[in-house]
Amino acid sequence: MSRYRAEPDYTHGVDEQVGVLLSNLGTPDAPTPAALKRYLAEFLWDPRIVELPRPLWWLILHGRILRTRPQRSAQAYKTVWTETGSPLLETTLEQRDILQRLLSERLQGPIKVVAAMRYGRPSIRDGLDELRSAGCRRVLVFPLYPQYSATTTASTFDAIAACLTRLRWIPELRFISGYHHDAAYIEALANSISEHWARRGRRPEKLLFSFHGIPRRGWLRGDPYPCQCHTTARLVAERLELDESAWQVAFQSRFGLSKWVTPYTDETLKTWGAEGLKSVDVICPGFSADCLETLEEIGHENRRYFIEAGGGSYEYIPALNLRADHTEALAGLVMRHIQGWPEADPDWDPDKMEKRARMSQKMARDQGAER
């Protein structure tokens with residue numbers, strides 16, 4: 001049996017189009033221990049996430065972590081789960097629909113946008129199969145991680161490559177590796193902060209930019225992620241004309257016993273609380289959609305740390321989610337990255353493409369093809 005997947009449904013002369021695979025980290029199917037165990041087993045087994053030798057890590061993962069963590073994680077997920085399910089998945093699917101509309105309005109040629117999750121469902125393979133079935137021979141992969149990291153962006157590439165190595169006919173491929181200093185993205189962040197302050201009628205004593213952390217050894221070995229986080233925060237602060245004393249960068253969500261990039265978000269907020277800081281706002285620019293790490297960890301857990309330590313007012317500024325300036329920024333990134341493909345040609349002619357398709361089908365049938 002061949003190791004490569006066949007093209008059993010291929011028909012000569014079918015319309016081709018460009019595809020966009022919009023991907024995010026992932027989510028369990030339900031806020032239950034069983035669902036969390038499946039999700040965490042996939043997530044934590046990724047060597048991009050944990051770089052320990054596989055035999056050793058397998059014993060740790062299955063001997064201790066997957067026996068205890070799913071129960072705790074399920075309780076946390078229950079606090080953010082909605083009637084329609086995972087907030088991360090729900091928002092990503094809505095972002096997909098908005099991008100489909102925006103890009104269809106801008107392009108002369110056809111385009112198909114699908115959503116996929118690096119871990120969980122719909123999977124990267126599900127997304128690629130959907131694009132393949134739609135006749136997408138040109139694919140732009142768009143991981144929704146503004147700041148590049150081996151643990152996120154590169155892991156998405158690994159999953160894409162693993163799927164493509166099994167195909168007989170791979171698509172032309174492009175990949176957005178990050179957009180941490182994209183002007184429209186920075187503007188959307190600055191707008192969300194200034195609008196939040198306008199609604200509250202004040203600015204806080206401190207603005208904290210909290211990013212998901214990575215192990216320090218990854219940074220020391222060349223992962224640019226922390227540097228890109230600092231660049232994003234600096235550009236937003238400059239756009240808001242903030243004094244250096246009015247803002248800071250910190251990193252959240254550390255896992256395990258090894259040292260991660262510092263300063264840590266929870267320790268920073270505890271210190272500020274103990275110092276009697278009267279007001280703090282927290283924003284998480286690395287998350288394109290609200291999820292467990294923003295809604296529960298930042299919205300509730302770290303709020304408690306700050307207030308219990310003696311701090312005053314604490315506000316979480318939501319992720320960019322479905323803001324119009326955010327989805328416009330995402331659409332702009334797609335438009336720039338698909339330049340040179342036929343669908344982005346302003347002179348794209350559907351009649352000419354249909355004529356070419358009919359000719360292709362005729363030639364194929366003359367040579368014995370069934371379809």
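The values are calculated or read from the model by the stated rules, or taken from the named source; none is laboratory data. For clarity, every value in this text was computed on a predicted model and none was experimentally measured. When we count neighbours, we look across all protein chains shown, and the Cβ atoms used for this are built from the backbone with ideal geometry, even at glycine.
Could you please tell me which pairs satisfy a Cβ distance under 7 Å, a separation of 6+ or placement on different chains, a first residue in segment 276-289 that is farther than 30 Å from residue 331 by Cβ, and a second residue that is of a type in the set (Lys, Arg) and in a strand (DSSP E or B)?
Here the result reads 277/206; 280/206, each pair linking segment 276-289 to a residue that is of a type in the set (Lys, Arg) and in a strand (DSSP E or B).
What are the residues in segment 330-349 that are free of Cβ contacts under 8 Å to residues at least 24 places away in the same chain and in a helix (DSSP H, G or I), if any?
336
Can you confirm whether residue 102 is surrounded by fewer than 21 Cβ atoms within 10 Å (Cβ to Cβ) and over 30 Å from residue 226 (Cβ atoms)? Break it down into steps so the answer makes sense when it comes.
Working: surrounded by fewer than 21 Cβ atoms within 10 Å (Cβ to Cβ): yes; over 30 Å from residue 226 (Cβ atoms): yes.
The answer is yes for residue 102.
Which numbered condition trips up residue 89, out of (1) surrounded by fewer than 17 Cβ atoms within 10 Å (Cβ to Cβ); (2) in contact with a Ser or Thr (Cβ under 7 Å, 6 or more places away or on another chain); (3) among the hydrophobic types (A, V, I, L, M, F, W, C)?
Evaluating residue 89 over (1) surrounded by fewer than 17 Cβ atoms within 10 Å (Cβ to Cβ); (2) in contact with a Ser or Thr (Cβ under 7 Å, 6 or more places away or on another chain); (3) among the hydrophobic types (A, V, I, L, M, F, W, C) leaves (1) as the failure.
Suppose we filter 254, 234 for residues that are surrounded by 15 or more Cβ atoms within 10 Å (Cβ to Cβ) and over 23 Å from residue 305 (Cα atoms); which single one remains?
Going through 254, 234 in turn, the sole match is 234.
Just to check your reading of the model, which residue among 154, 161 is under 18 Å from the mean Cα position of the chain (by Cα), free of Cβ contacts under 8 Å to residues at least 40 places away in the same chain and part of a helix (DSSP H, G or I)?
That would be 161, the only listed residue that is under 18 Å from the mean Cα position of the chain (by Cα), free of Cβ contacts under 8 Å to residues at least 40 places away in the same chain and part of a helix (DSSP H, G or I).
Quick one: would you say residue 202 is at pLDDT below 95 and of a type outside the set (Val, Ile, Thr)?
Yes.
Looking only at segment 293-324, which residues are farther than 19 Å from residue 24 by Cβ and of a type in the set (D, E, K, R)?
Residues satisfying the conditions are 301, 303, 304, 308, 315.
Out of all the residues in segment 166-183, which are acidic (Asp, Glu) and outside any loop (DSSP other than H, G, I, E, B)? Before the answer, list the steps.
Going residue by residue through segment 166-183, those that are acidic (Asp, Glu) are 172, 182.
Correct list: 172 only.
Results for (1) within 21 Å of residue 51 (Cα to Cα); (2) in contact with a strand residue (DSSP E or B) (Cβ under 8 Å, 6 or more places away or on another chain); (3) in the same structural domain as residue 191 (by TED's automatic domain parsing), shown as yes or no for each residue.
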site	(1), (2), (3)
216	yes, yes, yes
223	yes, no, yes
241	no, no, yes
255	yes, no, yes
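Which one of the conditions (1) within 18 Å of the chain's Cα centre (by Cα); (2) assigned to a helix (DSSP H, G or I); (3) under 30 Å from residue 336 (Cβ atoms); (4) in contact (Cβ under 8 Å) with a residue 12 or more places away in the chain does residue 102 fail to meet, given that it meets all the rest?
The number of the failed condition is (1).
Filter segment 123-150 down to residues that are in a loop (DSSP other than H, G, I, E, B), of a type outside the set (A, V, I, L, M) and either at pLDDT 95 or above or assigned by TED's automatic domain parsing to the domain that holds residue 215 (or both), then give me how many there are.
So the answer is 5.
Evaluate segment 312-322: report whether one residue or more is farther than 22 Å from residue 101 by Cα, touching a Phe, Trp or Tyr at 6+ places or on another chain (Cβ under 6 Å) and of a type in the set (Gly, Ala, Ser).
No; the residues of segment 312-322 include none that is farther than 22 Å from residue 101 by Cα, touching a Phe, Trp or Tyr at 6+ places or on another chain (Cβ under 6 Å) and of a type in the set (Gly, Ala, Ser).
Applying the selection to segment 159-184, what residues are among the hydroxyl-bearing types (Ser, Thr, Tyr) and buried (at least 18 other Cβ atoms within 10 Å of the Cβ)?
179
Could you please tell me which pairs satisfy a Cβ distance under 6 Å, a separation of 6+ or placement on different chains, a first residue in segment 49-65 that is in contact (Cβ under 8 Å) with a residue 12 or more places away in the chain and in the same structural domain as residue 38 (by TED's automatic domain parsing), and a second residue that is surrounded by 17 or more Cβ atoms within 10 Å (Cβ to Cβ) and polar (S, T, N, Q)?
49/151
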